[in-house]
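**Q** This is the structure, below, for whatever I ask next.
The values are calculated or read from the model by the stated rules, or taken from the named source; none is laboratory data. Quick caveat: nothing in here was measured; it's all calculated off a predicted structure. Cβ sites come from the backbone with ideal geometry, for glycine too, and all protein chains shown count toward neighbours. Note: areas computed on protein heavy atoms with side chains; ligands, DNA, RNA excluded. Shrake-Rupley method; radii C 1.70, N 1.55, O 1.52, S 1.80 Å.
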Amino acid sequence: MAASSVGRFVWHELHTSDRPKAAKFYKQIIGWEAKDVPMGPGEPYTLCQLGGKDVAGITKSMAPANVPPHWLAYIAVDDVDASAAKIKELGGKVLMAPMDIPNIGRFAPVTGPEGAAFAIYKSSSPNPEEPKTPPVGTFCWEELYTSDPAAAAKFYSAAFGYTIEEADMGPMGTYRILKRGDRQTAGIMKTMPGAPAQSHWISYLAVQSVDESTRNAKELGSKVHMPPTDIPNIGRFSIIGDPTGAAIALFTGAM
């Protein structure tokens, strides 16, 4: 069964206090090329590219001062306004009214009832084809950390039509996988001890070697929140805070 585009994570944007520093870091660690695009008054928008294809954006954070630098993931919907209304109805918040990005699409930043921020998005052009396995240097997985994974799964399923697959993680509890058709799209798990209490999404980047990339990131001024760790039969991952303070996970699949 083919997966529809609704509920697919189609874009990732870093909201940071130091755009040039972040662009330099990701170029060194991931190999992204940075291209600045003028956005009227104020700072430009940095497009991160890999092999000539846009993979992410970096923008000067406009969030309140108490919100640290963060990656914001965009979820595809058929109708941004209808989706925003539904999210509100289901107990989520619309942080900013839906707006157009000329010639690009329409979006709105929102949160689920658990408080984790993401954006809903409808592109003006068809979304690029979804690769079976995301290539190295691109985003490959999304994970929500929250105190109530069951309630969060119910919300995301109602908002985007995901089906839920549950996996027993032993002492870490139940891992809930959000699926579009047969396609696994994201996971929801209980916030780990020591992690920020605020519910949050974390995006995973595919790298050649988690250990090497984590070591490089540390040398370049990153904090290592979670050292390289095995996920049996799946791969190996780490969680770092980039030099501007935004958390991101690095992942290498099992061969």
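**Q** So SER123 fits all but one of (1) touching a residue at least 60 places away in the same chain (Cβ under 8 Å); (2) in contact with a Leu (Cβ under 8 Å, 6 or more places away or on another chain); (3) more than 30 Å from GLU212 (Cβ to Cβ); what number is the exception?
**A** (2)
**Q** Of the residues LYS60, LYS53, LYS86, which is at pLDDT below 95, in contact with a helix residue (DSSP H, G or I) (Cβ under 7 Å, 6 or more places away or on another chain) and open to solvent by 50 Å² or more (accessible area, probe 1.4 Å)? Step through it out loud before you land on a result.
**A** Working: LYS53 fails: in contact with a helix residue (DSSP H, G or I) (Cβ under 7 Å, 6 or more places away or on another chain); LYS86 fails: at pLDDT below 95.
From the options LYS60, LYS53, LYS86, the qualifying one is LYS60.
**Q** What do you reckon, is THR252 farther than 17 Å from TRP141 by Cα, crowded, with 16+ Cβ neighbours inside 10 Å, among the hydroxyl-bearing types (Ser, Thr, Tyr) and touching a residue at least 24 places away in the same chain (Cβ under 8 Å)?
**A** Numbers: farther than 17 Å from TRP141 by Cα: no; crowded, with 16+ Cβ neighbours inside 10 Å: yes; among the hydroxyl-bearing types (Ser, Thr, Tyr): yes; touching a residue at least 24 places away in the same chain (Cβ under 8 Å): yes.
In short, no.
**Q** Search the stretch 181-195 for residues that are closer than 25 Å to VAL6 by Cα and pair each with any residue that is aliphatic (A, V, I, L, M) and open to solvent by less than 20 Å² (accessible area, probe 1.4 Å) when their beta-carbon atoms are under 6 Å apart and the residues are at least 6 apart or on different chains.
**A** Sorted first by the residue in the stretch 181-195, then by its partner, the pairs are GLN184/ILE177; THR185/LEU178; ALA186/LEU178; GLY187/ILE177; ILE188/LEU144; ILE188/ALA152; ILE188/ALA153.
**Q** Filter the stretch 4-50 down to the residues that are touching an Asp or Glu at 6+ places or on another chain (Cβ under 9 Å) and of a type in the set (S, T, N, Q), then identify the one that is surrounded by the most Cβ atoms within 10 Å (Cβ to Cβ).
**A** In this case the residue turns out to be THR16.
**Q** Would you be able to tell me the number of residues in the stretch 17-34 that are basic (Lys, Arg), without any contact (Cβ under 8 Å) to a residue 60 or more places away in the chain and closer than 24 Å to ASN66 by Cα?
**A** To start, the set of residues in the stretch 17-34 that are basic (Lys, Arg) comprises 19, 21, 24, 27.
Within this subset, residues satisfying the condition of being without any contact (Cβ under 8 Å) to a residue 60 or more places away in the chain are 19, 24, 27.
The next check asks that each one be closer than 24 Å to ASN66 by Cα; those that pass are 19.
Total satisfying the criteria: 1.
**Q** Looking only at residues that are of a type in the set (D, E, K, R) and in contact with a helix residue (DSSP H, G or I) (Cβ under 9 Å, 6 or more places away or on another chain) in the stretch 157-180, which one is most open to solvent (accessible area, probe 1.4 Å)? I'd like the intermediate steps shown before the answer.
**A** To start, the set of residues in the stretch 157-180 that are of a type in the set (D, E, K, R) comprises 165-166, 168, 176, 179-180.
Checking the rest, the ones that are also in contact with a helix residue (DSSP H, G or I) (Cβ under 9 Å, 6 or more places away or on another chain) come to 166, 176, 180.
Numbers: GLU166: 124, ARG176: 38, ARG180: 14 Å².
Result: GLU166.
**Q** When only residues in the stretch 181-197 that are under 22 Å from GLY91 (Cβ atoms) and touching a strand residue (DSSP E or B) at 6+ places or on another chain (Cβ under 9 Å) count, which is surrounded by the most Cβ atoms within 10 Å (Cβ to Cβ)?
**A** If we filter the stretch 181-197 for residues that are under 22 Å from GLY91 (Cβ atoms), which is where we start, we get 185-191, 196-197.
If we keep only those that are touching a strand residue (DSSP E or B) at 6+ places or on another chain (Cβ under 9 Å) as well, we get 185-191, 196.
On the way: THR185: 20, ALA186: 24, GLY187: 21, ILE188: 29, MET189: 18, LYS190: 19, THR191: 18, PRO196: 12.
So, considering only residues that are under 22 Å from GLY91 (Cβ atoms) and touching a strand residue (DSSP E or B) at 6+ places or on another chain (Cβ under 9 Å), the one surrounded by the most Cβ atoms within 10 Å (Cβ to Cβ) is ILE188.
**Q** Against the conditions (1) open to solvent by 10 Å² or more (accessible area, probe 1.4 Å); (2) under 16 Å from VAL10 (Cβ atoms); (3) among the acidic types (Asp, Glu); (4) touching a residue at least 24 places away in the same chain (Cβ under 8 Å), where does GLU129 fall short? Just the number, please.
**A** Against the list (1) open to solvent by 10 Å² or more (accessible area, probe 1.4 Å); (2) under 16 Å from VAL10 (Cβ atoms); (3) among the acidic types (Asp, Glu); (4) touching a residue at least 24 places away in the same chain (Cβ under 8 Å), GLU129 comes up short only on (4).
**Q** While we're here: Restricting the search to the stretch 89-106, which residues are over 17 Å from ALA153 (Cα atoms) and either over 19 Å from the mean Cα position of the chain (by Cα) or open to solvent by less than 30 Å² (accessible area, probe 1.4 Å) (or both)?
**A** Just the residues of the stretch 89-106 that are over 17 Å from ALA153 (Cα atoms), to begin with: 94-106.
If the condition is that a residue be over 17 Å from ALA153 (Cα atoms) and either over 19 Å from the mean Cα position of the chain (by Cα) or open to solvent by less than 30 Å² (accessible area, probe 1.4 Å) (or both), then ALA97, PRO98, MET99, ASP100, ILE101, PRO102, ASN103, ILE104, GLY105 are the ones that fit.
**Q** Here's a follow-up. Take PRO113 and tell me if it is in a loop (DSSP other than H, G, I, E, B), open to solvent by 20 Å² or more (accessible area, probe 1.4 Å) and modelled with pLDDT of 95 or more. First the steps, then the outcome.
**A** Numbers: in a loop (DSSP other than H, G, I, E, B): yes; open to solvent by 20 Å² or more (accessible area, probe 1.4 Å): yes; modelled with pLDDT of 95 or more: yes.
Yes; evaluated as a whole, the condition is true for this residue.
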